[in-house]
Amino acid sequence: MVRPPQPFNAVLVVLAAVAALFFVLPLAGLVARAPWASAPGILSDPQVLLALRLSLIGSLASTALAMVLGVPLAWVLARLRFPGKSLLRGLTTLPMVLPPVVAGVALLLAFGRRGLVGAPIADATGLSLPFTTAGVIVAESFVAMPFLVITVEAGLRSMDVRFEEAARTLGARRWTVFRRVTLPLIGPSLAAGAVLAWSRALGEFGATITFAGNFPGTTQTSPLAVYIDLESGRLESAVVLSLLLVFVSLAVLVALRGRYLGDT
């Protein structure tokens, strides 16, 4: 559908330009100060490679966990009616707006050695999540899974349920209907949600450093490495790593713009 041309409004255009500059100028500062000549050497530094490797492992593992747990949760929110559904949806999306440090403290109180769940687990098995690579995955999953849940829930709500009804009429079992009909129909939403969750997990900082700490090779992801580089006066390394994360995030948002803007 072709939209009719809108009348020119100089005030709105000027304010929009100011808003655009507000977002563009910080990124322009990164690009302008980037040490392009030394970037390959910085990215090949063993400590940087460790941080990038851990970021990749943590973000992919948290995305996989988000898909395993988030898709069923999205289905429950989209298809079932039960008391407290609105509250559950609110709690599910809360990590999207919760201060990351608060999320980290909440995770410590739940899964730490003295936490509600962590204490019984530690007493029974001796296992502890905080300050481990598994803790990184848990922290990233906590803040990233809501992006997958709301995207998949929207896909489930917008799909034509008559295809599922037709499959059930033909004798297909519930799991077969879900696997052969529902999942393919929500495939674009599932892919978009997974990529958004991965991108969010890749850039997670506050919950990770609070719950998992900042130990090189174990819990120090790329955002944490940027912070340490800045604190240590290694500005060039911080800028290069920051630009890498910016490029990845921008590529994800540009690739998925049709999923949240409704156009191509």
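The values are calculated or read from the model by the stated rules, or taken from the named source; none is laboratory data. Model, not experiment: these values are computed from the prediction. For neighbour counting, all protein chains shown are included, and Cβ atoms are generated from backbone atoms with ideal geometry for every residue, glycine included.
Please state which of the following conditions residue 201 fails to meet, knowing it meets all the rest: (1) part of a helix (DSSP H, G or I); (2) farther than 17 Å from residue 60 by Cα; (3) of a type outside the set (Lys, Arg); (4) touching a residue at least 24 places away in the same chain (Cβ under 8 Å).
Of everything listed in (1) part of a helix (DSSP H, G or I); (2) farther than 17 Å from residue 60 by Cα; (3) of a type outside the set (Lys, Arg); (4) touching a residue at least 24 places away in the same chain (Cβ under 8 Å), residue 201 misses just condition (2).
Go through (1) over 22 Å from residue 26 (Cβ atoms); (2) within 16 Å of the chain's Cα centre (by Cα); (3) surrounded by fewer than 21 Cβ atoms within 10 Å (Cβ to Cβ) for residue 194 and report which single condition fails.
Checking residue 194 against (1) over 22 Å from residue 26 (Cβ atoms); (2) within 16 Å of the chain's Cα centre (by Cα); (3) surrounded by fewer than 21 Cβ atoms within 10 Å (Cβ to Cβ), the one that fails is (3).
Among (1) farther than 20 Å from residue 61 by Cα; (2) among the acidic types (Asp, Glu); (3) part of a helix (DSSP H, G or I), which single condition is residue 160 missing?
Unmet for residue 160, out of (1) farther than 20 Å from residue 61 by Cα; (2) among the acidic types (Asp, Glu); (3) part of a helix (DSSP H, G or I): (3).
Considering each residue of segment 245-259, count those that are in contact with a helix residue (DSSP H, G or I) (Cβ under 8 Å, 6 or more places away or on another chain) and at pLDDT below 75, and give that number.
Looking only at that region, the number is 2.
From 44, 55, grab the single residue that is touching a helix residue (DSSP H, G or I) at 6+ places or on another chain (Cβ under 7 Å) and either polar (S, T, N, Q) or under 19 Å from residue 202 (Cα atoms) (or both).
Criteria check complete, one pass: 55.
Checking residue 82 against (1) exposed (fewer than 14 other Cβ atoms within 10 Å of the Cβ); (2) in contact (Cβ under 8 Å) with a residue 12 or more places away in the chain; (3) of a type in the set (A, V, I, L, M, F, W, C), only one condition comes out false. Which one?
Here residue 82 clears every test but (2).
Of 208, 219, 151, 182, which residue is touching a residue at least 24 places away in the same chain (Cβ under 8 Å), of a type in the set (Ser, Thr, Tyr) and part of a loop (DSSP other than H, G, I, E, B)?
That would be 219, the only listed residue that is touching a residue at least 24 places away in the same chain (Cβ under 8 Å), of a type in the set (Ser, Thr, Tyr) and part of a loop (DSSP other than H, G, I, E, B).
For residue 129, state whether it is in contact with a helix residue (DSSP H, G or I) (Cβ under 9 Å, 6 or more places away or on another chain), among the aliphatic types (A, V, I, L, M) and within 25 Å of residue 112 (Cβ to Cβ).
yes
Which residue out of 32, 61, 19 is out of contact with any strand residue (DSSP E or B) (no Cβ under 9 Å at 6 or more places or on another chain), surrounded by 11 or more Cβ atoms within 10 Å (Cβ to Cβ) and either under 30 Å from residue 187 (Cβ atoms) or small (Gly, Ala, Ser) (or both)?
Result of the check over 32, 61, 19: 61.
Answer yes or no as to whether residue 168 is among the basic types (Lys, Arg), at pLDDT below 95, under 20 Å from residue 69 (Cβ atoms) and part of a helix (DSSP H, G or I).
no
What are the residues in segment 88-129 that are assigned to a helix (DSSP H, G or I), over 28 Å from residue 78 (Cβ atoms) and small (Gly, Ala, Ser), if any?
Passing the criteria: 104, 118, 119, 122, 124.
Residues in segment 95-108: is at least one over 25 Å from residue 59 (Cα atoms), of a type outside the set (D, E, K, R) and surrounded by 17 or more Cβ atoms within 10 Å (Cβ to Cβ)?
no
Look through 182, 151 and report the one residue that is within 30 Å of residue 209 (Cβ to Cβ) and hydroxyl-bearing (Ser, Thr, Tyr).
151 is the lone residue from the list that is within 30 Å of residue 209 (Cβ to Cβ) and hydroxyl-bearing (Ser, Thr, Tyr).
Inspect all residues belonging to segment 35-57 and state whether any of them is part of a helix (DSSP H, G or I), free of Cβ contacts under 8 Å to residues at least 40 places away in the same chain, β-branched (Val, Ile, Thr) and surrounded by 14 or more Cβ atoms within 10 Å (Cβ to Cβ).
no
Would you please name the residue that is nearest to the chain's Cα centre (by Cα), looking only at residues in segment 162-183 that are surrounded by fewer than 14 Cβ atoms within 10 Å (Cβ to Cβ) and under 13 Å from residue 75 (Cβ atoms)?
Ranking the qualifying residues of segment 162-183, first place goes to 183.
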